[in-house]
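Structure first, commentary second.
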There are 2 protein chains.
Amino acid sequence: MAIPRAAKTQRRTRIQEEKEERILEAALDVFSQNGFRGATIDQIAEAAGMSKPNLLYYFRTKEAIHRHLIDRVLFTWLEPLRAFNAEGNPESEIRSYIRRKLEMARDFPRESRLFANEVLQGAPHIEDELKGPLKELVDEKAEVIRAWARSGKIAKCDPYHLIFSIWSTTQHYADFDVQVRAVLGQDYAGEGRFEDAARFLEQLFIDGLRARA
Amino acid sequence: MAIPRAAKTQRRTRIQEEKEERILEAALDVFSQNGFRGATIDQIAEAAGMSKPNLLYYFRTKEAIHRHLIDRVLFTWLEPLRAFNAEGNPESEIRSYIRRKLEMARDFPRESRLFANEVLQGAPHIEDELKGPLKELVDEKAEVIRAWARSGKIAKCDPYHLIFSIWSTTQHYADFDVQVRAVLGQDYAGEGRFEDAARFLEQLFIDGLRARA
DNA sequence: CGATAATTTGACCGCTTGGTAAAACATTAC
DNA sequence: GTAATGTTTTACCAAGCGGTCAAATTATCG
């Protein structure tokens, strides 16, 4: 019998665990570089070092791989926002949110690009997640920010657009990496641009949101 | 004889002009929604209301259409940055740059997404343009901003990351439109989000860059 | 060991893809 | 008009695509 993915025994075998991980790792490479339609199963299989039918033994369709990745990314991607703490000091909360998002752009650019590809092409696979869980989380944090503004801890501003602007500025360094590198020139060999970006963005957001008389 | 695109007569016929325009218009739709690899010639042909071979009579390959569009977008996309004026008042120059970029995100979202798709996937077709003309223009304007900062007209800041942050925040409303809509909810039916974004971003950048003692 | 289940392979299929060939058709120039 | 050129269509192809199948191979367990 050859029913994939632990049919009889509920427990996944060691091989399953290993191979599925290898596939997802390879697929992250390929999907983030080519988008869903641009990626081929052959590419992913080759990157994972196995034959196409072998890969399809673990994930029945291309969509299944993609969905797995998207779900995973969607979850970890929102971690920093979840950590946003109403009780904390607004200035340091915003500062560390920016830092964390920038670190993610630096350390997980493929995940960022996978997500960007998906949203850019109309989010065909995750519309519900955006309108549901994502919206709810943002609504909740927007209320926190609004409360800070009301109590005069930060300048009055639209909390939604504040969040959008933090998302966009930080993810820019992952999604538009090629452009950033091209503009900065190759003298910027290392990852120094992330430190510079952090300094700039913290200054911009902290000073831009400082409560005014 | 059937050599496309004005071989003998250098002058393009009326039909050529019309059809090429129709093709580019349709291709912009399709490419911006699906990326290069995700788009098919059949899709473009149908959107342009003609048969595939007919379309291929005007553009010999899928790449040729794409290149044509990219070149066009690359040029118009930089208009606002070119307009950036060293002699002007820093505050109003930055303000109007943001406004202009936001208007482009609102009025030409397809162009923005076409560009985003390209850069996101490693800019395989336009690396040279990014490292050449784009970098030169940005270098030039960065010098302007740096001069403003030196003379105390605005806060000291990294001009490159300032430009990146304006690009990213404004284009976000075109490229991540689905997400923005999802988060804001459908009560935001109209284009009001662009006005809100403009207000927020102007506040953020103007206050964030205000010269400090 | 042997039996059973899990994994891997190679051959294959139907469909879509980018692109071509050649002839039919339309337009323009004289 | 008619000849030359420009445009459109029909039929087609080879390659690439996502995915299947059955058989071969390997791992697991008593």
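Readers should treat all values here as calculations from the given coordinates under stated rules, not as data from a laboratory. Please read all numbers here as calculations on a predicted model, not as lab measurements. All Cβ positions, glycine included, derive from the backbone under ideal geometry; neighbour counts span all protein chains shown.
Some notes on this structure:
- With the convex hull of its Cα atoms as the shape, the protein assembly as shown has an orientation-averaged projected area of 26.2 nm².
- Distances between placed amide hydrogens fall under 5 Å for A:Arg210 paired with A:Ala155, all partners being 5 or more residues away or on another chain.
- B:Asn85 label point (Cα plus 7 Å toward Cβ) to equivalent points in the other copies: 4.9 nm, shortest first.
- Hull volume per residue, based on the alpha-carbon atoms of segment A:32-127 and their convex hull, is 111 Å³.
- Distances in nm from A:Ala211 to the matching label points in the other copies, shortest first (labels 7 Å along Cα to Cβ): 2.8
- Judged by the gyration tensor of its Cα atoms, with axes a ≥ b ≥ c, chain B is prolate; a/c meets the 1.5 cut and a/b is the larger of a/b and b/c.
- Of B:Tyr160, B:Tyr188, A:Tyr58, B:Tyr173, the sequence from fewest to most neighbouring Cβ atoms within 10 angstrom is B:Tyr188, A:Tyr58, B:Tyr160, B:Tyr173.
- Segment B:126-213: C-alpha gyration tensor shape, a/c 1.5 cut-off, then a/b vs b/c: oblate
- Segment A:89-207 - percent relative contact order, Cα under 8 Å, separation 6 or more: 46
- A cut-off under 14 angstrom between Cβ atoms defines the neighbours of A:Pro53, and their net charge, with Lys, Arg +1 and Asp, Glu -1, is +2.
- Helix-only arithmetic for the protein assembly as shown: the sum of -39500 (n - 2.57) across DSSP H runs with n ≥ 4, divided by the residue total, places the mean residue ellipticity at 222 nm at -22500 deg cm²/dmol.
- Across segment A:12-70, Cα-Cα distances exceeding 14 Å account for 46% of all pairs.
- Prolate/oblate/rounded label for segment A:88-182 (Cα gyration tensor, a/c 1.5): oblate
- Summary value for chain B: 22 percent relative contact order, contacts being C-alpha pairs under 8 angstrom separated by 6+ residues.
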